[in-house]
Each structure stands twice: as C-alpha cells, then as structure tokens.
Amino acid sequence: MQRAYYVTTPIYYISGNPHIGHVYTTVVADVLARTARTVGPAFFLTGTDEHGQKVANAAAAAGMSPQEWCDALVPRWKLLFDAYHVTYDDFIRTTQPRHEHVVQRVFERLRERGDVYLGKYQGWYCVYDETFWLESKLVEGRCPTCGRDVQWLSEDDWFFRLSMYAPRLLEHFRAHPDWVRPKSVYNEMVALLEEGLEDFSISRTNFDWGVPLPGGGGVVYVWFDALLNYISAIGWSVDDERFHRYWPASVQLVGKEIARFHTIIWPAVLWALGEAAPELVFAHGWITVEGQKIGKSLGNAVDPFALAHQFGADSLRYFLLREAPLGSDFSYSEEKIAQRHNSDLGNDLGNLVHRTLSMLQRYRDGIVPPACATPLLDRFSDVPARVRSALLDLLFRDALEATWELVTALNRAIEEHKPWALYKEGRASELDALLYELCEGLRRLAMLLHPVMPERMAQLWRRLGLEERHLGGDWDVLVDERIAAGTRTTLGEPLFPRIELEPT
Ligand code: MSP
C-alpha cells in the first residue's frame, strides 16, 4: 500500500466570517498539497470547528440555532477557499455524523483503557480561545493569549490523564528535534513539558452545544472534539486501510497560539489510542496589523474576498508566501501587497512573459522556433529539484528566491542579446535560439510556480500553447520535456497588470 502525503490545517471556528489569517494557513497547505501531488498521492484536509460556547454564543446573538448558524456560514468558507484556488480533498465539519461518531468511539476507548476519569474541574476559562487556564498563567487576571476576561468554572468533568504522558512526550521531543517547527516553538513546548503537565478536562456540563458524552453527563469539550477531526476524516476505527494510508500525517499546520494543543495534548491522545504522533507540526506566525494579530474580534479583520478582487488571488498567495519565512509574524498592508505585486510579479515575471511572447509574435508569428541547445537553462538545471525540496520543506521564501534566479537570468539574457537587434541584423538562427530558450524558460517557470500561483500559471501554460492537463503533473517528467518547435503561442493581456492604490 502506497503511503500518501497528508496535510491538514486547523479547523476554523465558525463564530464569524473568515479573514486573511485563515486564508494564510489554508493557502500554505494548498501549496504543499499541490507540490506533493507532483510526486505522488496526497490528501489535504481542512474544515470547520462548529461546537463550543463561542459558536453557540455567536449563533444566539444572531437569533439562530447553532446548527442553522453553522449551515449558513460554511458556504462562505468554501466560497472563499474556492476564490483562492484551494484544492482541499475533504472539508470536515465537526457536526457531521461521521465525525461525531468517532469522537464518541474515542471517548469510549479511553474510558475502557482507564485513560480518563471523572473529577472536579475548578478553574478559569476563556470563551474566546475555548481554553482553560491555571491561575498562575493569567496575566493581570486575564487570558494570557487574547487578553480577554476569563470566567470561573466549577463542574464535574471527565479528565484525560495527560500528566502521565509527560515523560514520553519529553522523550519524543528529544528523539525528534525537528518534529515541531520552528525551533522557537519547539523550545517553548519543551519548557512547558519540563514544568510538568496537569490532567486535561475533556467534557463540559454547563452548556450543551457539543458531541454528547456516550451514556450522558454533558458534552465533549470542544478542543478534544476538534483535534479528532484529523483522524475522523480519514476513517479511524471505520476503515483501517484508508486510515493507515494517511496516518501519521506528514504535516499539520497550525498558528503558533494553538501549538500546545497540537504538540502536547494531541500526541498524548493519539498514543492513548495506540496511534503514532504526526510527523511534523509546523506552528506558523501571525499576520499582524499595527503589531496586533488579525482576528475578527480584534476589529482589524480584512475582507479576504475584497482583497482577492483587488489584487488577484494568486498575487495574494504569492505575497503570503514570499513576505516572511513561515514561522515569523509579518505585518500586512495594502501598500506591501501592491509593492510585491508590481515589482516581483509585474516587473520581473510579467515583463519577461510579455516581452517573450510579444517578440515571438512580432518576429515569428507566435510560433516556437526549432528546438536547440539551451545553455542558459542548463546552468539552472538544479532549480526544479531545489524548488521542490524547499517547498516540501516549507521554506517557501527560499523556493521563490531560487525560482527568481531563473526569472532574473532570462530577463538578463534579453538585455544582453537584444533580440530586436538580432532581428534587424538578420541573424535569424541566433534569434531563433534565444526565443526558443526563452519559451522553454517560461514553460519551466509555469511549472515551478504553479503550486503558488495556480490560476496565473495555467493561463501562462495555455498561452504557451501547452496542454493544460500536463500542468501540475510529475515534475520529473516535465523537467525532461521541452517545448515543441512549431507550438503556436498567444500574447494576451499582461498577466500581472500594474496596481495603483488610491491615495488615502
Ligand atoms: N478551532 C480552533 C482550531 C482547532 S484545530 C483542531 C481555532 N480556530 S480559529 O478559527 O481561531 O483559527 C485558527 C487558525 O487560523 C490559526 O491557528 C491560524 O492557523 C489561522 N489564523 C487565524 N488568525 C491568523 C492570523 N492573524 N495570522 C495567521 N494565521 C491566523 O483556533
């Protein structure tokens, strides 16, 4: 059985409209999935986290039942992901029976094994983050993550024996120093483990919007419910063969604020079930505005539909991946997006495409000249392998910089060899050779940039007269191919038209 590449995003709280932060993680996962598909089978899961007090409160404020509220909002998330060309293979909702069934099975399994027990929960709770906090972790009596008020809870809950797993977790962290990235988050998690762990409450009795505990007595705590999406979607306890084709996940992407749930609680739960920890959890940084994490409730959310409309979804995808290494925070502004769009995409790449295709029209009626040696491209023959390994290693900026080496070299070749002069001087074979190399260069760029800018690169591929079904195919095959002489190209409008922002 061939193991597939399995990539996940967090499932998003459906308490409001999606914002650009949600697009960020999902686009990163999409780039990974698209790249992995050029190597072999891949599965990309995203979805929505629909239970819990936060969602119940949002529904109540809108005068709807929680289920009606979730049903009304899910299409907006799907539309948004479509607008950003996201190719998820499955979209899980925690209110789906396929998921609820697994949550109940897990609870029963843990109860049978004695991994859970009934105890008294007393402590502080942040509804916004759906998180319990020790008194000692509060900052001036407020939630240490979001700064909001916390409420005192006292109830009889089921607890998962997390504390028991602390030594095994520490051992796992030490034996797999790269399983949590970036290093800063890894170190933070090790420090938490060294402090020791408390058992983890996994049920709630003070409200009922959640998966009912088998046998009654409340609902499953939303975080415990939510984490299980990663295995319910691939058939845990229902279809073993399918489950083992995907599990353990290759990459689980999360924002750094939820690293603790994914790198401490999650592996312990998996071990309790007899399953392996994920291969990699990558906790990425935040998109900020004026130093604050973008988030609906902070009032600085940016409408991602409007952004896609204004800049083009592919331009936004490029910006999100190019602007900062994945683990770092970065601030967001329309000026920055416009700047990247105009310089990297408009000037460097867009001009290369436009100049090449228009010279081909002018000098060769749009027809690709006879195939010939490609010495310049040969000098960059390692670029596809470098780009692919950087992408799969989540080093997106490095991958794009490596791609731009090729963009720059091809632009430079035009400046140096001056095709317009070759044409005037009747040096036909030199002109043919240059145009051929430029066309072949564009074909490779379309292939390399397709995971990041799928729509624009499909457009370029078509203009090069290539068959669309080949784009996104096996890179090893595509790298060995060459654009065929006699292929008819079309010029078309600029791929990345310049964007002028309205003065504010
Ligand atoms: N529902 C939980 C996750 C459960 S996973 C088992 C949750 N949801 S959330 O809607 O708050 O979204 C979480 C994720 O959205 C973050 O972890 C991150 O991946 C992404 N982002 C939300 N805001 C973001 C930024 N401002 N910047 C970058 N990513 C952001 O937590």
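The values are calculated or read from the model by the stated rules, or taken from the named source; none is laboratory data. Source: prediction; values computed, not measured. With ideal geometry, Cβ positions are generated from the backbone for all residues, glycine too; neighbour counts draw on all protein chains shown. These area figures cover heavy atoms from the full protein model, side chains too; ligands, DNA and RNA do not enter into them. Shrake-Rupley method; radii C 1.70, N 1.55, O 1.52, S 1.80 Å.
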Surface share of carbon and sulfur [accessible, 1.4 angstrom probe, percent] for the chain: 50 percent
From phi via Karplus (6.51, -1.76, 1.60), per-residue ³J(HN,Hα) for the stretch 219-231 in Hz, x at Gly/Pro: 10, 6, 4, 4, 5, 5, 3, 5, 4, 5, 4, 5, 10
Per residue accessible area of the stretch 154-210, 1.4 Å probe, in Å²: 50 Å²
At R0 = 25 Å, FRET efficiency that the Cβ-Cβ distance of Ser331 and Glu188 yields, to 0.05: 0.70
FRET efficiency, Arg3 to Lys137 (Cβ-Cβ, R0 45 Å, nearest 0.05): 0.70
Only Lys, Arg (+1) and Asp, Glu (-1) charged, at Cβ; the chain dipole about Cα centre in debye: 820 debye
Point-charge dipole on Cβ atoms (K/R +1, D/E -1) for the stretch 16-124, about Cα centre, debye to 20: 220 debye
Per the chain, cysteines lacking a partner by the 4.7 Å Cβ criterion: Cys70, Cys146, Cys372, Cys439
Per residue accessible area in Å² of the stretch 1-151, where ligands, DNA and RNA are left out and the probe is 1.4 Å: 39 Å²
Gyration tensor over alpha-carbon atoms, the chain, equivalent ellipsoid semi-axes in Å: 49, 23, 20
Computed [θ] at 222 nm, deg cm²/dmol, the chain (DSSP H ≥ 4; -39,500 (n - 2.57); rounded to nearest 500): -13500 deg cm²/dmol
Estimated dipole of the stretch 334-480 in Debye, rounded to 20 [Cβ of Lys and Arg +1, of Asp and Glu -1, Cα centre]: 420 debye
Dipole of the stretch 334-480 [Lys/Arg +1, Asp/Glu -1 at C-beta], most positive-end residue of Ala338, Trp420, Val387: Trp420
Once exposed loop GluC sites (Glu not before Pro) are cut out (DSSP; at most 10 other Cβ, 10 Å), longest piece of the chain: 291-466
Distance between modelled label sites at Arg98 and Lys424, nm, 7 Å Cα→Cβ extension: 6.5 nm
³J(HN,Hα) computed for each position of the stretch 239-250 - Karplus, 6.51 cos²θ - 1.76 cosθ + 1.60, integer Hz, glycine/proline x: 9, 4, 5, 4, 4, 6, 5, 10, 8, x, 4, 6
Trypsin sites (Lys or Arg not before Pro) restricted to the stretch 1-44 and DSSP loop, no more than 16 other C-beta within 10 Å: Arg3
Relative contact order %, the chain, counting alpha carbon pairs below 8 Å whose residues are six or more apart: 17 percent
Cα lying deepest toward the dipole's positive end in the chain, options Leu192, Tyr6, Trp158, charges on Cβ: Tyr6
Restraint check, Lys54/Lys120; Lys54/Lys78; Lys120/Lys183; Lys54/Lys336; Lys137/Lys183; Lys54/Lys137, Cα-Cα greater than 28 Å: Lys120/Lys183; Lys54/Lys336
Label-point separation in nm, Val479 to Ser163, each point 7 Å along Cα→Cβ: 5.3 nm
Extended-chain gain in nm, criterion 0.36 nm per residue less alpha-carbon gap, Glu500 and Glu290: 73.3 nm
FRET efficiency, 1/(1 + (r/R0)^6) with R0 45 Å, evaluated for Arg76 and Asp378 via beta carbons: 0.40
Farthest toward positive dipole pole in the stretch 73-127 [+1 Lys/Arg, -1 Asp/Glu at C-beta], among Ile92, Gln104, Gly114: Gly114
